[in-house]
1. Can you tell me which residue is farthest from the chain's Cα centre (by Cα) among those in the stretch 90-99 that are among the polar types (S, T, N, Q) and either at pLDDT below 90 or under 19 Å from Leu55 (Cβ atoms) (or both)?
2. Among the numbered criteria (1) crowded, with 20+ Cβ neighbours inside 10 Å; (2) among the aromatic types (Phe, Trp, Tyr); (3) without any contact (Cβ under 8 Å) to a residue 60 or more places away in the chain, which one does Phe145 miss?
3. Output the residues belonging to the stretch 56-78 that are among the charged types (D, E, K, R), without any contact (Cβ under 8 Å) to a residue 60 or more places away in the chain and assigned to a helix (DSSP H, G or I).
4. Here's a check for you: in the stretch 28-39, which residue that is of a type outside the set (S, T, N, Q), out of contact with any Leu (no Cβ under 7 Å at 6 or more places or on another chain) and part of a loop (DSSP other than H, G, I, E, B) is modelled with the lowest pLDDT?
5. May I ask you to say which residue of His86, His68 is over 13 Å from Tyr47 (Cβ atoms), modelled with pLDDT of 95 or more and surrounded by fewer than 19 Cβ atoms within 10 Å (Cβ to Cβ)?
6. Pairs please, first residue from the stretch 100-126 and closer than 11 Å to Glu18 by Cα and open to solvent by 20 Å² or more (accessible area, probe 1.4 Å), second anywhere and assigned to a helix (DSSP H, G or I) and modelled with pLDDT under 90, Cβ atoms under 9 Å, 6+ apart in sequence or on different chains.
7. For the stretch 44-65, enumerate the residues that are farther than 30 Å from Ala123 by Cβ and open to solvent by less than 80 Å² (accessible area, probe 1.4 Å).
8. Does any residue in the stretch 28-43 that is open to solvent by 80 Å² or more (accessible area, probe 1.4 Å) come within less than 6 Å, Cβ to Cβ, of a residue that is assigned to a strand (DSSP E or B) and not β-branched (Val, Ile, Thr) six or more places away or on a different chain, and which pairs are these?
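The values are calculated or read from the model by the stated rules, or taken from the named source; none is laboratory data. Predicted model, so just to flag it, every value in this text is computed and none were measured. Counting neighbours? That spans all protein chains shown, and the Cβs are built from the backbone with ideal geometry, glycine included. Just the protein is used for accessible areas: all its heavy atoms, side chains included, with ligands, DNA and RNA removed. Shrake-Rupley method; radii C 1.70, N 1.55, O 1.52, S 1.80 Å.
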Amino acid sequence: MKSDIENMQFFRSIKHLEVGGYTSNVSLHMGRTVEDYITDHLFIFAYTTTCDACLKGLEALYNFYREHKEINLLILVNAADDNDIHILRGTFGENNVFNSKLQTLNRDLGIQGFPWGIGLNKAGQVITSYPCSTRKSVHDIIEPFSYLLGLNL
């Protein structure tokens, strides 16, 4: 006999994002989707404003981004306060930061935890997918794309 937890539809409906797989073309804002942001690459970083590791991850990403503004990135944040989104948009760019529901991040994009980073190639295929709370982990997400981007990492 199955337990109540085994019968819960929610747990069966989550498909985790895997390297080699493809992201869902999730709607972000005003009709724009993830695919609209893919050039020859796209890095997606997911955070919540309620975890300490996410704050450290945002600091690590900021320190990397200061030196490498040529990377194409989206920052998806589950934020309770619109002021947090405003601050992040001022730091990373108005069109790079979106307030996202947990359902979008977990179920639709397959994010497995927070903070999380994903590297996509031009076809939307997942090349890297890791937790990212340190500069090294941000580097590990971006490094496979360094030749393509002309980065000296």
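1. To start, the set of residues in the stretch 90-99 that are among the polar types (S, T, N, Q) comprises 91, 95-96, 99.
When the remaining residues are screened for being either at pLDDT below 90 or under 19 Å from Leu55 (Cβ atoms) (or both), the result is 91, 96, 99.
On the way: Thr91: 16, Asn96: 11, Asn99: 12 Å.
Checked the stretch 90-99; the qualifying residue farthest from the chain's Cα centre (by Cα) is Thr91.
2. Every listed condition holds for Phe145 apart from (3).
3. From the stretch 56-78, those among the charged types (D, E, K, R) are 56, 59, 66-67, 69-70; that's our starting set.
Keeping just the survivors that are without any contact (Cβ under 8 Å) to a residue 60 or more places away in the chain gives 59, 66-67, 69.
Glu59, Arg66, Glu67, listed by residue number.
4. For the stretch 28-39, the residue satisfying everything is Met30.
5. Details: His68 fails: modelled with pLDDT of 95 or more.
Sole residue among the options that is over 13 Å from Tyr47 (Cβ atoms), modelled with pLDDT of 95 or more and surrounded by fewer than 19 Cβ atoms within 10 Å (Cβ to Cβ): His86.
6. Within 9 Å, the pairs are Gln112/Asn106.
7. As a first pass, look at the stretch 44-65 and keep what is farther than 30 Å from Ala123 by Cβ: 49-53, 55-56, 59.
Result: Thr49, Cys51, Ala53.
8. Partner pairs satisfying both residue conditions: His29/Phe98.
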